[in-house]
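The values are calculated or read from the model by the stated rules, or taken from the named source; none is laboratory data. Computed from a predicted structure; not experimentally measured. Cβ atoms come from the backbone with ideal geometry, glycine included; neighbour counts cover every protein chain shown. Surface areas here come from the heavy atoms of the whole protein model, side chains and all, with no ligands, DNA or RNA. Shrake-Rupley method; radii C 1.70, N 1.55, O 1.52, S 1.80 Å.
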Amino acid sequence: MTTARTDYATTVCALTETYLERVTDTTSALPDAVTAYETNPEAFEAAVERVATRESACDDALRELRTVVRDAMPPNYTEMYLRIDDVARLYAAIDAIPNRAERFVRELDAMGPTLADDLRATLREMAVLTVEASAILADVVTAYVESLVAEREAVRATESVEKLAELESECDELKHEALSVAFDMLPTAEALVVRELVSTLDTAMDAVEDAGDQLLFLSSGSV
């Protein structure tokens, strides 16, 4: 590998790692936000701000990564160059994760529903599953990008993506459990607010699974 391509590979890997760390940093604040909601207003506001700040950091990292990936590499026949548009779409799919995490905490803050302990516990469990799934996705995407720029055999993502699907299914079960409790115990108007919040949190996990599916498609097609 030439010096220029070695430098490019090092830069892309470093920026990808930074971007994915910021994505997982964003989701990692979700359980704290749910735990602190109504019980510790100061800690909750800090958690909301933490999610928002880290989501903005994701945007900054992604812009830099896109610039390097698209503009800094001269034409060549490496897997990274040949798959540049697909990789860009993968990064875009991942970007939905912190966006939806921020949307959830903003809605929770704005709507301000009263949550029974069991509903709060279910939301927190959904948040914890989202954190776990985000970390799995970050690890396998990092390995995949490294394989492309280093011209190694592509990472096979099947096992990791299957685990993401399992976690998404668990999250769906919790969502339905929360909705059942909400509509059984609360007035309709309050239950509808809970439904909106639970559904918004669930979209963060959906985004993780969607990005995993995109990765599986890419890695399955690698030579």
Exercise. How much net charge surrounds PHE44 when only other residues with a Cβ under 14 Å from its Cβ are counted (Lys, Arg +1; Asp, Glu -1)?
Worked result: -3
Problem set entry | Degrees, to the nearest 10: 188-220 long Cα axis against longest axis of the chain | 20
Seminar exercise, completed: Averaged per residue, the 1.4 Å probe accessible area of the range 81-188, protein heavy atoms only, in Å², is roughly 47
For this session: Estimate the FRET efficiency between CYS13 and LEU192 by the formula 1/(1 + (r/R0)^6), using the beta-carbon distance for r and 45 Å for R0, to the nearest 0.05.
Result: 0.50
Exercise. Considering only protein heavy atoms, what is the solvent-accessible area of PHE217 at a probe of 1.4 Å, reported in Å² to the nearest 10?
Worked result: 140
Problem set entry | Contour excess over end-to-end distance, with Cα ends at ALA135 and GLU38 and 0.36 nm allotted per residue | 32.1 nm
For this session: Could you check how much of the accessible area of the chain is carbon and sulfur, as a whole percent, using a 1.4 Å probe?
Result: 50
Seminar exercise, completed: What the Cα atoms of the range 137-194 span along the principal axes, largest first and in whole Å, is 58, 18, 10
Exercise. What fraction of the Cα pairs in the chain, stated in percent, has a spacing above 32 angstrom?
Worked result: 25
For this session: Please compute the net charge surrounding ARG106, taking Lys and Arg as +1 and Asp and Glu as -1 over other residues with Cβ under 13 Å from its Cβ.
Result: -4
For this session: Any chance you could give the angle, 0 to 90 degrees and rounded to 10, that helix 158-185 forms with the longest Cα principal axis of the chain?
Result: 20
Exercise. Relative contact order for the chain using alpha-carbon pairs under 8 Å, separation at least 6, rounded to a whole percent?
Worked result: 28
Seminar exercise, completed: Checked against the positive end of the charge dipole of the chain (+1 on Cβ of Lys and Arg, -1 on Cβ of Asp and Glu, about the Cα centre), the farthest of LEU108, ALA36, THR53 is THR53
Problem set entry | FRET efficiency, GLU49 to GLU162 (Cβ-Cβ, R0 45 Å, nearest 0.05) | 0.80
For this session: Estimate the FRET efficiency between GLU21 and ILE84 by the formula 1/(1 + (r/R0)^6), using the beta-carbon distance for r and 30 Å for R0, to the nearest 0.05.
Result: 0.85
Problem set entry | Theoretical gain in end-to-end length, THR67 to THR114 [0.36 nm per residue, Cα-Cα removed] | 12.5 nm
Problem set entry | Tilt relative to the chain, helix 41-71 - C-alpha long axis, 0 to 90 degrees, to 10 | 20
